[in-house]
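J.: The structure is given below, and queries will be raised subsequently.
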Amino acid sequence: MGRRAQVLAERLEQGAANLAKFAETLSEAEWRMKIPKDGRSVGVIVHHVGNMYPIEIQLAQTLGAGKPIAGVTWDAVADINAKHATEHAGVTKQEAVEFLRKNSKVAAEAIRGFSDDQLDKAAPVSLNADAPLTAQFFLEDHAVRHSFHHLAKIRSTVGR
């Protein structure tokens, strides 16, 4: 395991731990609040972060292998998110936090498996107008950033 991969994994773990810790403090009313401009509940969003880790890691591994990410669009992401929101509308705090913790642990271990060479490989990414992005950038912009992004939205929604 390289130092860069270790640091990325630790950042993902930190973000997921912060999100889980904050989620555990939420009241039932806060858990059910809708995120403005998003429409999904706080609880669904917490579960969503855990749900996306496997996909985000798989896509980063594709780049790490020097292969392009093709056919992935923001419309497809929106469809995945909408389906997830419907299927998990009643997710409990315990279920979501446990799922987030479990999947973040698996994601962090997968990140630790990246070599520096894999992190540096770049290929076109359809999600980003076929810009050639490195696996490291993709990890940082998706799996690592994801929990930080949603924690900020949740904090804003619940007012703390």
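J.: For a 29 Å ceiling on Cα separation, which of these pairs sit above it: K83/K153; K93/K121; K37/K83; K105/K153; K21/K67?
T.: Working: K83/K153 20 Å; K93/K121 38 Å; K37/K83 17 Å; K105/K153 23 Å; K21/K67 36 Å.
Too far apart for the 29 Å limit: K93/K121; K21/K67.
J.: Could I ask something else about it? Given 5 Å bins starting at zero, what is the percent of C-alpha pairs of the stretch 3-158 in each, up to the one with the largest pair distance?
T.: All Cα pairs, binned at 5 Å, distribute as 2, 10, 19, 20, 19, 15, 9, 5, 1, 0 percent.
J.: Return one number: the angle in degrees, 0 to 90 and rounded to the nearest 10, between the long axis of the Cα atoms of helix 93-112 and the longest principal axis of the Cα atoms of the chain.
T.: 10
J.: Let me see the pair-distance distribution of the stretch 41-117: every alpha carbon pair, 5 Å bin width, integer percents in order.
T.: The distribution over the stretch 41-117 is 3, 15, 21, 20, 18, 13, 7, 2, 0, given as percents.
J.: Using the Cβ atoms and a cut-off under 14 Å, what net charge is assigned to the surroundings of P68, where Lys and Arg are +1 and Asp and Glu are -1? Please list the in-between numbers first.
T.: On the way: positive: K67, K121; negative: D130.
Once all neighbours under 14 Å are counted, the net charge is +1.
J.: Okay, moving on. To the nearest 10 degrees, how steeply does helix 74-87 sit against the main Cα axis of the chain, on a 0 to 90 scale?
T.: 40
J.: Okay, moving on. In the neighborhood of T134, defined by Cβ-to-Cβ distances under 12 Å, what is the net charge if each Lys or Arg adds +1 and each Asp or Glu adds -1?
T.: Spelling it out: positives minus negatives among the neighbours equals -3.
J.: What number, in nm² with one decimal, is the all-direction average of the projected area of the convex hull of the alpha-carbon atoms of the stretch 67-160?
T.: Projected over every direction and averaged, the Cα hull of the stretch 67-160 covers 7.5 nm².
J.: Which residue, I69, I80, I57, tops the fluctuation ranking in a GNM of the chain built on C-alpha contacts under 10 Å?
T.: Answer for the Gaussian network model of the chain: I80.
J.: Which shape class applies to the stretch 15-84: rounded if a/c is under 1.5, otherwise prolate when a/b exceeds b/c and oblate if not, where a ≥ b ≥ c are the square roots of the Cα gyration tensor eigenvalues?
T.: Because a/c hits 1.5 or more and a/b fails to exceed b/c, the stretch 15-84 counts as oblate.
J.: Do you know the relative contact order of the stretch 3-158, to the nearest whole percent, from alpha carbon pairs under 8 angstrom that are 6+ apart?
T.: 40
Bear in mind that the values in this text are calculations on the coordinates, not laboratory data. Here the structure is a predicted model, which means the values were calculated and not measured. Please note: Cβ atoms are built from the backbone with ideal geometry, for glycine as well, and neighbour counts cover all protein chains shown.
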